[in-house]
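Read the structure below first, then the notes.
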Amino acid sequence: MKTNLKKNIPNLLSLSRIFLFIPLIVVYNNDYFLLCLIVVSLYSLISDELDGYYAKKWNVTSEFGAILDSLGDKIFVISVLFILIYKIPSVTLLILSIMTLIREMIRLSCKHNKVKKSIDVDKTSIIKAWLQYFSLPLLYYDVNLGLLMLSISVFLGFKFYIDLYKSWKH
């Protein structure tokens, strides 16, 4: 029983991120929105780091776990971005959110079609993810700083396309 639980902890952490936007909807018109946004963003960041760490440490990595991890990240970030669009009416935020959504859809499509380069995680991908997670509460607290951080993460995300193109050329 203990071994089965251990095998599922990384996937449960990934799965939990899929539903993290729900508390933000609950407190949308509440004074606790920013606090809730900080807490769920930190939880998402920490659980994203821990799921991979434990999967490797306990040797329970799987293709399903990798897809669930990626899906949890994408659903959380994109859901929060679109919730924030209603809170912060900004054309720049809308454009960056749409760019993020399109990029993630293409990336997931590449994973589904087994494009090898899209599955590799490098330091740039990790930095991009951290910037995304930290930009979410910043967007609400300080729009300009949040937009700057989100812009950097979006442009780092385009490194994926450059790497993908280079891998197809060779």
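The figures follow:
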quantity: Mean Kyte hydropathy of 0.0 or more with a Cα span along the axis of at least 18 Å, helices from DSSP in the chain; calculated: 33-57, 63-87, 91-112, 123-141, 143-157
quantity: Residue-averaged [θ]222 nm for the chain, counting only DSSP H segments that reach four residues, each worth -39500 (n - 2.57); calculated: -28000 deg cm²/dmol
quantity: Percent accessible area from carbon and sulfur atoms, the chain, protein chains only, probe 1.4 Å; calculated: 69 percent
quantity: Simple label model, 7 Å out from Cα along Cβ direction - residue 101 to residue 123, nm; calculated: 3.4 nm
quantity: Label point 7 Å beyond Cα of residue 8 along Cβ direction - residues of the range 30-64 with amide nitrogen under 19 Å; calculated: 51-52, 54-56, 58-64
quantity: Answer label, with Rg and Dmax of the Cα atoms in Å calculated from the coordinates and candidates (i) 28.2, 119; (ii) 16.4, 54; (iii) 18.3, 58; calculated: (ii)
quantity: Assigned charges on the beta-carbon of Lys, Arg, Asp, Glu; the chain dipole about Cα centre (debye); calculated: 700 debye
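The values are calculated or read from the model by the stated rules, or taken from the named source; none is laboratory data. Remember, it's a predicted structure, so these values are computed and weren't measured experimentally. Counting neighbours? That spans all protein chains shown, and the Cβs are built from the backbone with ideal geometry, glycine included. Just the protein is used for accessible areas: all its heavy atoms, side chains included, with ligands, DNA and RNA removed. Shrake-Rupley method; radii C 1.70, N 1.55, O 1.52, S 1.80 Å.
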